[in-house]
Structures are given as C-alpha cells and as structure tokens.
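Take a look at the structure below.
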Amino acid sequence: MDRKALVCRNIWEKPQITQRELAQALGVSLGTANRLVKECEEEGLISALDGDYRLTAQGEARLEPYRVDGAVILAAGFGSRFVPLTFETPKGLLEVFGERMIERQIRQLHEAGVTDVTVVVGYLKEKFEYLIDKYGVKLIYNPEYASKNNLASVHFARKAMEGRNMYLLASDHWMRVNPFHKYECFSWYASAYMEGATSEWCFTLDKKGKVLDVVSGGHDAWVMYGPAYLSREFLAQFLPMLETYYQLPGTEQFYWEHVYQEMLNGTAARRCGQSPIVSDRRRDGANISGADTPKVNKGSAGTIRVPELYANFLPADSVYEFENLEELRHFDPKYRNRSDNEALELIARVFRIPESDIRDIRCVKAGMTNQSFLFRVGQTSYICRIPGPGTGLLINRRQEAAAFEAVKPLGISEKVIYFDPETGYKISEYYEGSRNADPASETDMRRCMEILRGLHRSGAVVGHDFDIRERIGFYEKLCLSLGEIPFEDYKEVRAQMTELMDGLDRLRRPKVLAHVDSVADNFIFLPDGQVKLIDLEYAGMCDPLIDVAMCAIYSYYDDERVDWLIRLYLGREPEAEEQTVIYSYVALGGFLWSLWTVYKHYLGQEFGEYSIIMYRYAKRYYRKIFQKMS
C-alpha cells in the first residue's frame, strides 16, 4: 500500500484537510499522519500555502498510476429473491427512494470522475439499453446468465478490465455515501462490521487491514459487503486464475470472490492439478478467452502468487446489499404498501389487505409457460401464477376456467382462490410439505395413472375440444409468421404427422375430458397421501389416451418405459389399436411441442435440448408404428 500516494490523493480531494482528518482518512495515528505529511513535503509531493496543502507536479505524477480507468457493473442475474418484482424489472433497475440502484451507482461514479462504465447484462437485457444514451455506458451480454453465477459475468467482461484500474460492482448495491474516487491507491473490497452470527463472507485481516483469509460465515466479523476496487496489478495476477476456474467443471455456481478465496487458502493449487501457477508469467501474446485456458507453469517450485487486497472500512449503514424484498420493504416505505407491481397489487385486492401483509415471498422455479411465486397471508401459504410472454395466443384462459369448474366436484385439483379468465392470473392454495411426482417411481406413476383414469371416467364435460390437428396447424402458422421452422426435414416429417392424424380420424376415437399437460410436475403428492392434478391450461375434450402419451414424452421416457406406462394406465397389455393410438399421440405430441419451442425461441425464450428431444419422438414413433404394421 502506497501511503504517500494516499496522502496526495486526500490532499488533492481536499486541500484544507487537517492532519487529524488525514489520520482518520488513512486509518493511522495522528503521529503517523504527521510523519507522512512531513515526508511528502520533503520529497516535493505536496507544499503548504496559507495553511492549506497543495499537490505539486511531482505529487500529481505520483498519483497518475493510481487513476481509476473505469468500472464494471454486474447486472446479468435474475434476482429470484425479489420476485415478483423481478419478473418485470431486473433487480438493478429497482428503485430505492425514487432512484434506480444502478443509476445511483453510475451517477456516483461520474461524480468521482469515472465515466467509462461497462454493464454486464443477461436477464431482461433490453431493459438496460437506455443507459447507453442516458449515461454513455457500454453493455456486454453474458449468454450464460441463467446457468452460471457471476464468475461467468466477470469472464465475459475481462477484456474491459485487463491492464486497467477498475471498480467491480453489483448492480443491486445501494451506497448512501459515495465511496468512489478518481484515484485509488490499493486494491480493496468494501467491508462492514457484522455483530453476532452472520452468513456473509468474513475477513481475517492483519493490522494494516490486508486480507489474509476469507471464510463463509462467522461471528462478530468484518465482512465483504459492497463494491470492490481492483488495480491493474491485482487483475494481472487474478484474471488468469479466474479464466482457469471458468474452464474447470464444478465452478458453474461460483462467484468471482470464490476464486480469490481459494487462492488465499491454497485450494486453487489443488484444483489446478497440484501445479503452482506463477501469476506474473508471460502469456506469449495469447488472448484470455473462453477458448484459451491459462497456461500452468509446471516447472516452478513456487506457490500461487496471491495479489494483495485490503478491507475498505466504510462508515456504518453506508452500503446496503438487499437480500430480499422484505429487506427492501424495511428500508424504503414505498414497497410496504405500493410496490407498483401488478401481482402484489392483485393479491392485496383479492385478500383485502395492505401489501405489507403479503409475507414470505419465495420464487418458484419458472415453468415453461408461466412464472410463479409463493407467499403467505396470515398462516396460510398460496401460489400466484403469472402467465409467461406469448401465452395469451397459446392458451384460452376462459377454456381453462371452464375446465377448473368441471373438475371441481371431483376434488382432484388444487383449491383456486382467484382466477382471471382475461389475464390468466391465478391464486391457489399451496400445499406445504407436498412434492411433485417422480417419473422414475413405479409407485408414484401408478397413482398418477389412477388419477387420470378417474378423470377420464368421471363424466366431466367442457364445451371445447383439444384438437391436436388444429393446434399443430396453429403453432406452425405462428412460427412461420416469425421466421423459418429450423428442422431440415420438416416438410417430410410434417407429411408423416398428417398421415398419423388422418389415421386417428378414421378410428373415430371417444372423447372425454383430458388433461393433455400431464407432466409429472403437475401431479402433487400431499403429506396426507392425497394426489392432486393441477394446471388445466390445455384441458379439453379429447381421446383419453393422449394423456398417457403426453405424460411419457414429458418424462423423456425411452421406448421400454413408454410401454411400461401404457400398461400402468390400462392395467393390462394394450390392444393393437390402443398401442397404435398412444404411439401416434407420442409422435404428434413431440411434433406439437417442438413447434411450441420454435415459437418460444422467436419470443426470446430458450429451452435447451427440449425441442430436439420432442422432434425425435415425432420421427421415432412414426417409424415404430409402421414397423409394427409391416
């Protein structure tokens, strides 16, 4: 740590600073501050004039290597602990006291003279585009935001950081006091003191505040809390190690801080095959990228060189890292009763309560069609479903409401508290201690098939059909209105599906109320042994055997497992026609949902290999049907 440069920095910022104020700013005794000032004067770094200090040209030259070059703000994540607010708005764009958190950070950086700001975006990336015009920021897209933690974001931002003095921030930090400066004289991580037990990352420090170790959780400790400043010297040693970690399996959920922690405690050497890595080695001109793993120097007998990092002890209550919506509510009264969030406002109206009475809000893993979150009112837990983008075209909510009414006397579905047939918003009771069906469990799937048989034999009726021919044609039209259907042999497979549908039409199969979306996750096993069948979005009058086929493909069953499920449903070996019908629906269901994923792709949603798996069902089961017939 260059303390004389720190003296110069503080005098540059405040020429009228007293030696007592200087001692406080440097975290040293008054005697040490006096000595440092005297030494700076003797070296010609500062001069005194009329009681004020002035920085000399030599002092300005001493500061120049410490000039901050820019900042990277990490803003790619979803912010699951802030649902439902983050269903609509990225966490960093939430307002605190009327100002968006990321805008406050950018403004504070600009006030300190740091105007080169890069924002790493991912989730709802388009929401950040306006910052380019308003503040002149640059955006970098992290395509792995949904599957990896912020180590990946730093990886994608590394080119903006290499060879530079950089602040590294998270977009959801709120700083009461501006912690930024034009010059920074050592690498630091903001630190707050936590009394009692804490789950934060806790520092072990030497007497000068240098970080010796970082551990997760502790008691009465200084913790990592807020932004960081990383010098070019720090980054020269740290970024190659981060790139090594990025390439290693098992680090997908790491934060960038994990890398530094493991450099400190020696784990990094073991992860890298027991070979020491010399952090100041030459890279022979190679770019650091996802394809270039940093070179390991196996010939050295040294250990990993850990760049110095210090704790920056910021004033109490000057930095906030909001962990969840509850903490934000306590901090900003706006969020207690008027969040301006449609879902929370709806819940408040339905239950006739202020928003502050909606407690224990938790994210549910987003489904393929909808987004949902849990909440509690009084002693009862509920789940609120928010329709996903584009579902208004795909799902008729009035028909869904009719299906709920039809099955209500059967007692097999969830208890719906509120349903809006216009928007698709739904509030239902949440069954604490419940679980989804396990598609690998024979016991579970036997119960699921019993529920489906009961539905099919119940006599429940609705006034609409689920017509798979109509749905395939509709999804196909939607896809073609937005672009091409990407499967190379689509025309051939489409003709095969038409052939299967023509065959089903000739059979004139009976129609009953079918669920159609009979994925294992829609079967809920309650602690008392009951099984519920939820989410009737696609339900309609149809051949009952479609539910067996849909359950099989949703579970990614292989051929043997499909036949096993057929026997579970029927309670016997299938007749030839039954097997042909179910195989046809396996093929047609796969084809239908592969079109669905193509449409979703054009809306900006990706479902990985799901489209390929579904399309393979279409092709494979078409062949099976005609192999069986030959």
Next item on the list: Could you list all residues from the stretch 267-289 that are small (Gly, Ala, Ser), modelled with pLDDT under 85 and out of contact with any strand residue (DSSP E or B) (no Cβ under 9 Å at 6 or more places or on another chain)?
Entry: Ala269, Gly273, Ser275, Ser279, Gly285, Ser289
Notebook entry, point to check: Looking at the stretch 613-624, which of the residues that are buried (at least 21 other Cβ atoms within 10 Å of the Cβ) and in contact (Cβ under 8 Å) with a residue 60 or more places away in the chain is farthest from the chain's Cα centre (by Cα)?
Noted result: Tyr622
Note to self: Out of the residues in the stretch 593-612 meeting the condition of being crowded, with 22+ Cβ neighbours inside 10 Å and among the aliphatic types (A, V, I, L, M), tell me which one is farthest from Arg471 (Cα to Cα).
What the structure shows: Val598
Next item on the list: Select from the stretch 471-495 the residues that are of a type in the set (Gly, Ala, Ser) and assigned to a loop (DSSP other than H, G, I, E, B) and list them in ascending order.
Entry: Gly483
Item checked: Scope the stretch 170-199; condition surrounded by fewer than 18 Cβ atoms within 10 Å (Cβ to Cβ) and closer than 26 Å to Glu103 by Cα; matching residues -> Arg176, Val177, Asn178, Lys182
Notebook entry, point to check: Restricting the search to the stretch 63-82, which residues are farther than 30 Å from Gln371 by Cβ and at pLDDT 85 or above?
Noted result: Glu64, Pro65, Tyr66, Arg67, Val68, Asp69, Gly70, Ala71
Check: For the subset of the stretch 243-273 comprising residues that are among the aliphatic types (A, V, I, L, M) and under 19 Å from Leu212 (Cα atoms), which member is surrounded by the fewest Cβ atoms within 10 Å (Cβ to Cβ)?
Finding: Ala269
Next item on the list: Pull up the stretch 170-209, narrow it to residues that are of a type in the set (Lys, Arg) and modelled with pLDDT of 90 or more, then point me to the one that is nearest to Asn324 (Cα to Cα).
Entry: Arg176
Item checked: Restricting the stretch 66-117 to residues that are under 14 Å from the mean Cα position of the chain (by Cα) and free of Cβ contacts under 8 Å to residues at least 60 places away in the same chain, the residue that is surrounded by the fewest Cβ atoms within 10 Å (Cβ to Cβ) -> Thr89
Check: Do we have any residue at all in the stretch 178-185 that's in a helix (DSSP H, G or I), in contact (Cβ under 8 Å) with a residue 12 or more places away in the chain, in the same structural domain as His258 (by TED's automatic domain parsing) and in contact with a helix residue (DSSP H, G or I) (Cβ under 6 Å, 6 or more places away or on another chain)?
Finding: no
Item checked: Test: Gly44 is over 30 Å from Val137 (Cβ atoms), without any contact (Cβ under 8 Å) to a residue 24 or more places away in the chain, exposed (fewer than 14 other Cβ atoms within 10 Å of the Cβ) and touching a Ser or Thr at 6+ places or on another chain (Cβ under 7 Å) -> yes
Item checked: Meets criteria (in contact with a strand residue (DSSP E or B) (Cβ under 6 Å, 6 or more places away or on another chain) and within 22 Å of Arg176 (Cβ to Cβ)) for Ala71 -> yes
Notebook entry, point to check: assigned by TED's automatic domain parsing to the domain that holds Ala549 and either part of a loop (DSSP other than H, G, I, E, B) or on the phi < 0 side of the Ramachandran plot (or both): does that describe Gly424?
Noted result: no
Next item on the list: Report, by residue number, each residue of the stretch 580-612 that is of a type outside the set (Ser, Thr, Tyr), assigned to a helix (DSSP H, G or I) and free of Cβ contacts under 8 Å to residues at least 60 places away in the same chain.
Entry: Ile582, Val586, Gly590, Trp593, His601, Ile612
Next item on the list: For Ile553, state whether it is over 21 Å from Val461 (Cβ atoms) and crowded, with 22+ Cβ neighbours inside 10 Å.
Entry: yes
Check: What residue, of Leu513, Leu536, Leu500, is in contact with a helix residue (DSSP H, G or I) (Cβ under 9 Å, 6 or more places away or on another chain), in a strand (DSSP E or B) and surrounded by 14 or more Cβ atoms within 10 Å (Cβ to Cβ)?
Finding: Leu513
Check: What tally of residues in the stretch 217-234 results from selecting those that are part of a strand (DSSP E or B) and more than 15 Å from Phe203 (Cβ to Cβ)?
Finding: 3
Next item on the list: Would you please name the residue that is nearest to Gly571 (Cα to Cα), looking only at residues in the stretch 402-449 that are among the hydroxyl-bearing types (Ser, Thr, Tyr) and in contact (Cβ under 8 Å) with a residue 40 or more places away in the chain?
Entry: Ser413
Margin query: Among the residues in the stretch 11-23, are any part of a loop (DSSP other than H, G, I, E, B), outside the structural domain of Ser171 (by TED's automatic domain parsing), touching a Lys or Arg at 6+ places or on another chain (Cβ under 7 Å) and crowded, with 19+ Cβ neighbours inside 10 Å?
Written below: no
Note to self: Can you tell me which residue is nearest to Leu239 (Cα to Cα) among those in the stretch 158-171 that are of a type in the set (Gly, Ala, Ser) and not in a loop (DSSP other than H, G, I, E, B)?
What the structure shows: Ala160
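The values are calculated or read from the model by the stated rules, or taken from the named source; none is laboratory data. Values in this document were obtained by computation on a predicted structure and should not be read as measured data. Positions of Cβ are backbone-derived with ideal geometry, glycine not excepted, and every protein chain shown enters the neighbour counts.
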